[in-house]
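These notes are about the structure you will find just below.
Any read-out appearing in this document is the output of simple, stated calculations on the displayed coordinates, not a laboratory observation. Quick caveat, the model's predicted, so the values are computed rather than measured. Neighbour counts run over all protein chains shown; Cβ positions are idealised from the backbone, glycine included.
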Amino acid sequence: MLLRKSVAELRPLIVPVGAEHLPLTQQLIHEYVQTHPNKKQPGNGLVASWDHSLPDVIEALLARNLDNVEVLIEYATPGMAGEADAILAGQHPTTQDLSYVVVELKQWRKAVVSPTNPIAVDAGYGKPKLHPVRQVQRYCEYLIQHLAPLHGHPDRIAGVALLHNARHEVAALFDLPRSAHGRLYTRDQLGDFEAFLASRLDPGVSGARAADVLCRATQYEAPSSSEAFSRVGSPHPVFALQKEQEIAFQEVYEKVRAGGAKSGRKKVVIIQGGPGSGKTAVAVELLRTLRQEGHEVVHASGSRSFTRNLRRAAVDAAPRGTKGAVEKQAVRDYRFFQQFGQLPENSLDVLIADEAHRVRIKSDGRDVPKWVKERGLAQADELILAAEVPVFLLDDWQSLRPDEVGSVAYLIERAEARGCDYEVFELPGMFRAEGSAAFRDWVTKLLSLNPTTASPWIPDGRFDVRLAESPEEMETFLEERIRKDNAQARMTAGFCWEWKKPNNGELLLEVRVGDWHRPWNAKDGVRLEDVPETSQWATDPRGFGQIGCIFTAQNFEFDWSGVIIGPDLFWQDGQFRVDRTKTHDGKLKQAKVSDQEVNRLVRHAYHVLLTRARKGIVIYAEDTDTRHALRELISGTVADSPLAKPARKKLPPQVTKAEQTVAQQLAIEFD
């Protein structure tokens, strides 16, 4: 949050004084620069909003004598990158309860709604924007999910979008139904806007208490991926989708409603986003919504650990007496990429190909029929053919093996080869690492995934980044987080040590750094007492004692992550370099794989490992020169106190009384 003041305190700050900007804008620019990690100046659009849009809100409040209302400007959203333009805090004039109004400001002068997607709007900025009413609705829903004073109290918050430059030019925007959490006002409706504010905020009561409650609120964490997928049977949204997430979701939803490929040429939907960008949220909400409407929807991935974990989570969440049936259904609902070549064309309504960067050139394996192999279709083609609406979610920087060809360019190529239309959606948001887009961008620079130079990590107050001088230090710090903070933590490492099957019923201590020896996580199919199976390593508390390899850790996230940079990645001449002789990945050791390909895939592996954490990361590099170089880039150590954070709780699933009654009845019937 950049600034918090009462309307009375803001009154003199919106009076022009002959300068380039209003006094309010000048103060906001100062606060923005001072709080930005790189002392960056705000963009022109943001400054224009402060100069021209925000004063209209303050004047509307003054017109209704709402001088005591508190205004929270650029309120930082918990757990994601992004801010609310303004949140008004006060007391409801009728209920005397806490009352908040989220205000989304737009400087649009025109708006054309997409004929195929009612919440995608062309406002003259190139790419479609989310309808402002839907944007503020979803923002309110997100705050209701994640802030304790609002969770279970949706009536405490309302949302409005104000287009102060527009009049009849945006008439089409009013076709989207409004709600308590989203309504629209334009320049010629400022009187109605004032009246709405007066209906939500009491002029005679200070908003200080309401603002204090919101600023000090306990926050609820979003569910993990396995928890989220286990809730797809809920009638309530698991995630409140934001901006580009909602546009992509609605595009698929409208195409399915129109009949998929039956309504014309098949469209392949490609959703691209980096780690924590919200791809899982889109997948979960598509599964949840479309299944409840009776559509045949299947989730697929190229990871055995991930898919088996989702199946297990579905069974674990099932009521007693239903687990057998749920287990059979989970096998049908969550499948592997190589299982679709044998399906008739368009036999599914929707196929969600998650982690599609792991799509292989061809489907192979014991579970692929001989005739499917002999047909020789590309695996991407098999996935495209299987459903009326195929949806691919991917990150171009997360493929791990030479035969993994999934990329946006490749999927576009295969869609065109199959005579399909396609549409690509970018997810620029950040919902992991405490919403630290700065950390995500820093990792890409650190690993030279794009042509930029590594730069020092500048703490942003969101995400905690530390160095350890030894693996013992790293492990001790993470154990402390588990014990003191009840955090979920895991240790991972580059694939620089052998990974063998257990000997005499025990895991081998293969990851060796000096006198510190730890086992890899159990290999696929290995079952030992007190050792989680590979698919459960990320979610079973017993997994902490083992080192997660890249193929086990991908797709999962933890509160705290410890990453061991092995000898396959070392620092030289100001950047990381790859030593292919140090990898123990059999696929990368093959002579036919080029040095360039190994270089790319090793960097991808560390990109995945370094972006698994929600709260903080501890990094240890085995190479001495690399540790020295990282000290110049990362100031935090394991000896430092953890960042102060608001109180956090796990986000509980929404359950109605009727659902509780049904669940209890099922338990009685099947017991």
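The label-point distance for Glu293 and Ala180, in a model that sets each label 7 Å from Cα toward Cβ, rounds to 2.5 nm. Take every pair of alpha-carbon atoms less than 8 Å apart whose residues are at least six positions apart; their mean separation over the length of the chain yields a relative contact order of 13 percent.
A straight chain from Arg631 to Trp516 at 0.36 nm per residue would run longer than the Cα-Cα distance by 39.2 nm. Modelled spin-label separation between Val424 and Arg527, with each label point placed 7 Å from Cα along the Cα-to-Cβ direction: 4.5 nm. Between rounded, prolate and oblate, where does segment 433-640 land on the alpha carbon gyration tensor, with a ≥ b ≥ c its root eigenvalues, rounded for a/c under 1.5, else prolate if a/b exceeds b/c? It is oblate, given that a/c is not under 1.5 and a/b is not larger than b/c.
Here's the list of lysines a cross-link from Lys484 could span, going by alpha-carbon distance under 22 Å and ignoring same-chain residues fewer than 8 apart: Lys615, Lys645, Lys649, Lys650. Here the 3J(HN,Hα) profile of segment 488-500, calculated from phi with Karplus coefficients 6.51, -1.76 and 1.60 at θ = phi - 60°, is 9, 9, 9, 10, 10, 7, x, 7, 10, 10, 4, 9, 10 Hz, Gly and Pro shown as x. Only one residue of Ser535, Thr25, Gln135 has its Cα farthest out toward the positive end of the dipole of the chain, where Lys and Arg carry +1 and Asp and Glu -1 on Cβ, and that residue is Ser535.
Run the simple label-point estimate for Leu509 and Lys370 please: 7 Å along Cα→C-beta, distance reported in nm. Reported label-point gap for Leu509 and Lys370 is 4.9 nm. Which of the three applies to segment 225-427, rounded, prolate or oblate, going by the alpha-carbon gyration tensor with a ≥ b ≥ c and a/c under 1.5 meaning rounded? In terms of gyration-tensor shape, rounded.
Please say if segment 3-217 is rounded, prolate or oblate, where rounded means a/c under 1.5 for a ≥ b ≥ c the square roots of the C-alpha gyration tensor eigenvalues, and otherwise the choice is prolate for a/b larger than b/c and oblate otherwise? Since a/c stays below 1.5, the shape of segment 3-217 is classed as rounded. Using the average count of surrounding beta-carbon atoms within 10 Å as a protection proxy, the listed peptides 63-76, 383-396, 205-218 rank, highest first, as 383-396, 63-76, 205-218.
Net length available on complete extension from Gln107 to Lys127 is 5.6 nm, with 0.36 nm assigned per residue and the Cα-Cα distance removed.
The Cα-based radius of gyration of the chain, divided by its Kirkwood radius, gives an Rg/Rh of 0.97. Can you compute the FRET efficiency between His584 and Thr322 using 1/(1 + (r/R0)^6), with r the Cβ-Cβ distance and R0 = 60 Å? Round to the nearest 0.05. Efficiency for this residue pair is about 0.90. The calculated FRET efficiency for the pair Thr94 and Arg167, based on their C-beta separation and a Förster distance of 45 Å, comes to about 0.90. Taking Cα centre as origin and charging only the Cβ of basic (Lys, Arg, +1) and acidic (Asp, Glu, -1) residues, the dipole magnitude of the chain rounds to 1040 debye. For the chain, the longest principal axis of the alpha carbon atoms and the long axis of helix 437-446 meet at an angle near 40°.
With contacts taken as Cα pairs under 8 Å and at least 6 residues apart, segment 3-217 reaches a relative contact order of 23 percent.
For segment 225-427, the Cβ-based charge dipole about the Cα centre amounts to some 820 debye (Lys, Arg positive; Asp, Glu negative; other atoms uncharged). Protection proxy ranking of 6-19, 619-632, by the mean of other Cβ atoms within 10 Å over each peptide's residues and highest first, is 619-632, 6-19. Among the GluC sites (Glu not before Pro) in segment 514-569, those placed in a DSSP loop whose Cβ has at most 14 other Cβ atoms within 10 Å are Glu529. Each of Cys420, Cys549 was scored by other Cβ atoms within 10 Å of its Cβ. Arranged with the fewest first, they read Cys420, Cys549.
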